[in-house]
């Protein structure tokens with residue numbers, strides 16, 4: 001909306017809450033602080049013994065074999081084989 005106001009001559013004032021633009025160093029510090037907080041939260045979440053055991057043995061989990069095949073009823077090849 002501010003673009004339209006300036007474009008149409010309705011006023012060229014900036015909002016009061018805009019404040020100074022953050023510098024690259026401030027943005028980098030904020031990003032690093034956020035990353036540290038995320039890593040800390042992840043470490044606290046996975047600190048439970050049961051969760052650690054589940055993560056340790058996750059690659060050994062068993063899943064049943066897939067049933068059926070790649071072909072479907074509406075495949076042209078499937079109807080040609082039956083005819």
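Of the residues making up the range 39-50, those that are within 22 Å of the chain's Cα centre (by Cα) and surrounded by 10 or more Cβ atoms within 10 Å (Cβ to Cβ) are 39, 40, 41, 42, 46. Among residues of the range 36-57 that are assigned to a helix (DSSP H, G or I), those with a beta-carbon under 9 Å from a residue that is surrounded by 10 or more Cβ atoms within 10 Å (Cβ to Cβ) and modelled with pLDDT under 90 at least six positions away or on a different chain give the pairs 45/51; 52/46; 55/46. Taken over the range 58-78, the criterion of being part of a helix (DSSP H, G or I) and surrounded by fewer than 10 Cβ atoms within 10 Å (Cβ to Cβ) is satisfied by 58, 59, 60, 76, 77.
The values are calculated or read from the model by the stated rules, or taken from the named source; none is laboratory data. These numbers were taken from a predicted model, which means no experiment stands behind them. For neighbour counting, all protein chains shown are included, and Cβ atoms are generated from backbone atoms with ideal geometry for every residue, glycine included.
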